Amino acid sequence: MTTRFFQLWPAIDIIEGKTVRLLKGDYSLKTEYNYTFENLAQIFSEFAFGIHVIDLDGAKKGHPVNIEAIKKIIKNSGNAIVEVGGGIRNMKDLEKLFTIGVSRCILGTSALKDPDFLTEAIAKYGAQQIVVGVDCKNRKVATHGWETESTVTDIEFITTLEKAGIKIINYTDIATDGMLTGSATEIFAELHEKFPDMTFIGSGGIATIKDIEEVKNTGISGIIFGKAFYEQRITREELKMFIPPYEEKT
């Protein structure tokens with residue numbers, strides 16, 4: 001039996017062809033970093049299971065925008081797989097991203113607003129290539145680049161997704177995103193208990209290696225992080241020590 005290890009997913013958020021981080025998803029609270037996409041992908045490939053890429057321009061405009069940047073990341077990602085989200089609204093968008101070498105596509109707004117598209121995407125590409133991003137404010141699902149809060153709770157949405165055949169969920173508690181104050185571990189543990197057959201990758205709040213350990217202890221499958229690395233609160237040496245070799249990447 002193959003052993004599955006806790007997955008590290010360093011994040012690259014893109015606005016206007018630049019690497020950025022937002023605070024609580026607020027586009028007006030943007031910090032730009034001077035890393036090139038090639039350099040970041042090469043660094044992350046040393047310890048990452050996968051690289052989590054969000055096209056923030058795409059999330060606002062409703063279609064993928066930063067295709068050339070995504071190509072550079074894929075080209076330099078080594079053995080790490082690359083998942084991409086932001087503005088994926090139809091099968092044409094999915095085909096464009098999978099054609100350039102993306103391993104997984106993340107549906108967010110479209111998964112909530114267009115269940116027929118979600119069903120079609122799973123039918124064509126399968127549950128290992130279609131991921132849903134469940135991004136929440138006060139346990140309510142947010143859409144359209146986190147700028148709109150729905151009335152749907154996280155539990156309601158995930159229940160629907162499970163019935164639709166989704167297996168992998170990226171869950172972000174927006175209140176912790178970019179805050180460097182620790183992740184929503186109680187929520188992660190609750191979700192893992194309620195939906196034991198689903199793979200959850202948490203996101204938001206990571207500041208130290210200890211924070212990553214605490215997320216691992218919730219039982220979920222992995223963590224997405226960014227700001228802590230960009231601001232050198234977590235080093236690549238620490239991350240290499242944290243994770244054992246992978247036996248599989250799916």
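What Kirkwood hydrodynamic radius, in Å, does the stretch 166-211 give when the mean of 1/r is taken over all pairs of distinct Cα atoms and then inverted?
11.0
Using a 10 angstrom cutoff on alpha carbons, build the Gaussian network for the chain and name the most mobile of I74, I14, I100.
The residue with the greatest mean-square fluctuation here is I100.
Considering amide H positions built from the backbone, and no H for Pro or chain starts, which residues 5 or more places from Q7, or on another chain, come under 5 Å of its amide H?
Residues meeting the amide H criterion: G222, I223.
What percent do you get for the relative contact order of the chain when only Cα pairs under 8 Å and 6+ apart count?
Value for the chain: 19 percent.
Mind listing P(r) for the chain? All alpha-carbon pairs, 10 Å bins, whole percents.
7, 35, 41, 16, 0
Under a crude label model (7 Å from the Cα following the beta-carbon direction), how far is D116 from E16 in nanometres?
A separation of 3.8 nm, rounded to one decimal place.
Per DSSP H run of n ≥ 4, the term is -39500 (n - 2.57); total these for the chain, divide by its residue number, and report the mean residue ellipticity at 222 nm rounded to 500 deg cm²/dmol.
One gets -9500 deg cm²/dmol as the mean residue ellipticity at 222 nm.
Please give the FRET efficiency for T148 paired with E237, using the beta carbon to beta carbon distance and R0 = 41 Å, rounded to the nearest 0.05.
Details: r = 40 Å, r/R0 = 0.98.
Approximately 0.55, to the nearest 0.05.
In µm²/s, what is D for the stretch 22-149 at 4 °C and 1.567 mPa s, where D = kT/(6 pi eta Rh) by Stokes-Einstein and Rh is the Kirkwood radius from Cα pairs?
Details: Rh = 15.1 Å.
Diffusion coefficient, whole number: 86 µm²/s.
None of the figures in this text is laboratory data; all of them are computed from the coordinates on show. Fair warning: this is a prediction, and the values are worked out from it, not measured in the lab. Cβ: placed from backbone, ideal geometry, glycine included. Neighbour counts: every protein chain shown.
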